[in-house]
Ligand code: HAM
């Protein structure tokens, strides 16, 4: 029996990997333009870190974590998200006290969800986390940053910003009580999941896809009416900042996010182009989390975007990943020419750092080699046969026009390659 990939895990084939790399380049440049520093932290953490931050009653902790005992019997978990690990790292290494931090990371996350298009059990996130800033200005800046990423990736017209405020812990609790009181009257008409959540995590009922539950919810109290004065003010100022920047958004009072640590600003960037898994980015404030994990009170806000979903979105457009893989293909016939071809490849890579060279390896008929050269997307093929080796020359064939091939001496190759670099 053939061994296959574990269910829900994805292989990244060249086309998708190229998009990931492109996204990574763009994201890296933009984070740097906003003064963020890149960090990394382990894929495995003690289980408690996630249960205490993401929340015991959330779907993630209840049923989606890859949790196991390591060989010394400690319960560890493959990270389902990055915020908890980032906070742990920042606190443990003294990055938080009396400091302002803008940090970013990228890497794999793991959730045991039901796999479908855009939803995997291992997926990649890029996230940004900011510490030490309480005002709405950093919330706005972070939204500008994400918008700039969409702009540069060419997907800005495909995504919409949805915004909400969850208020303070107290106002959220007051709302929760009122929602439970309202929904309890309809308990038996709710879908089974929502009935269960009524006792464990009532806010998540707002996310229910069940039409009956949604109909009941249309008359339910809304979170925004319960906001405390400071949170109302924070939210109004944030909206003003977005308006001043002419940034489009919708206030969506049902956005409560699937993780427990949020307060005040929460947001999601969504698209209609990906079916059910339409959220490409989500985040918000989590002013209480650092303290909850044993640190001093530290205001914080952040977001994470799903690279897999972004890649899907970009794959639906053409030519987003930019450029083909290589510029020069080197073909050869005969043992002596084959050895020369390898050396010529090395020489070109030494001399021209930007030029991408592929040397044909593995022999084969000349015609077949030229077909490969054409498929490679290269601009030119450099051909070495016995004649060329004897004469110390190279045949140059332009693969992208009908011009005749010609021979040159090795000395004159520089000019040919320079021309390719200029025309790129
Ligand atoms: P999240 O909304 O759980 O937030 O995930 C962020 C993004 O990761 C989602 O919008 C989605 O694009 C992607 N994602 C989540 N689950 C999957 C999956 N199973 N397959 C593919 N993509 C997925 C967080 O993780 C928070 N840590 C965000 C944050 C940072 N909040 C504050 N700071």
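Some values worked out for this structure:
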quantity: Residue 148 vs. criteria in contact (Cβ under 8 Å) with a residue 60 or more places away in the chain and closer than 17 Å to residue 230 by Cα; calculated: no
quantity: Among the candidates 112, 120, 105, residue that is touching a helix residue (DSSP H, G or I) at 6+ places or on another chain (Cβ under 7 Å) and over 28 Å from residue 205 (Cα atoms); calculated: 105
quantity: Of residues in the stretch 245-260 being more than 9 Å from residue 164 (Cα to Cα) and in contact (Cβ under 8 Å) with a residue 12 or more places away in the chain, the one farthest from the ligand (Cβ to nearest atom); calculated: 245
quantity: Some residue of the stretch 293-316 being at pLDDT 95 or above, part of a strand (DSSP E or B) and more than 9 Å from the ligand (Cβ to nearest atom); calculated: no
quantity: Subset of the stretch 243-256 (residues that are in a loop (DSSP other than H, G, I, E, B) and touching a helix residue (DSSP H, G or I) at 6+ places or on another chain (Cβ under 9 Å)); calculated: 245, 247, 248, 249, 253, 254, 255, 256
quantity: Residue in the stretch 386-400 that is surrounded by 12 or more Cβ atoms within 10 Å (Cβ to Cβ), in the same structural domain as residue 335 (by TED's automatic domain parsing) and in a loop (DSSP other than H, G, I, E, B) present; calculated: yes
quantity: Single residue of the stretch 96-117 satisfying the filter (assigned to a loop (DSSP other than H, G, I, E, B) and surrounded by 18 or more Cβ atoms within 10 Å (Cβ to Cβ)) that is nearest to the chain's Cα centre (by Cα); calculated: 111
quantity: Qualifying residues in the stretch 279-292 (those that are within 12 Å of the ligand (Cβ to nearest atom) and more than 23 Å from residue 197 (Cα to Cα)) - the one surrounded by the most Cβ atoms within 10 Å (Cβ to Cβ); calculated: 285
quantity: Sole exception among (1) more than 18 Å from residue 410 (Cα to Cα); (2) surrounded by 15 or more Cβ atoms within 10 Å (Cβ to Cβ); (3) touching a helix residue (DSSP H, G or I) at 6+ places or on another chain (Cβ under 8 Å) for residue 354, by number; calculated: (2)
quantity: Residue in the stretch 126-142 that is within 18 Å of residue 274 (Cα to Cα), touching a residue at least 12 places away in the same chain (Cβ under 8 Å), more than 9 Å from the ligand (Cβ to nearest atom) and crowded, with 19+ Cβ neighbours inside 10 Å present; calculated: no
quantity: Residue within the stretch 135-154 that is under 28 Å from residue 20 (Cα atoms) and assigned to a strand (DSSP E or B) present; calculated: no
quantity: Residue that is nearest to residue 236 (Cα to Cα) [pool: residues in the stretch 261-275 that are outside any strand (DSSP E or B) and within 11 Å of the ligand (Cβ to nearest atom)]; calculated: 262
quantity: Count - residues of the stretch 143-158 that are farther than 15 Å from residue 304 by Cα and within 16 Å of the ligand (Cβ to nearest atom); calculated: 3
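The values are calculated or read from the model by the stated rules, or taken from the named source; none is laboratory data. Please read these numbers as outputs of a predicted model, since none were measured by experiment. When we count neighbours, we look across all protein chains shown, and the Cβ atoms used for this are built from the backbone with ideal geometry, even at glycine.
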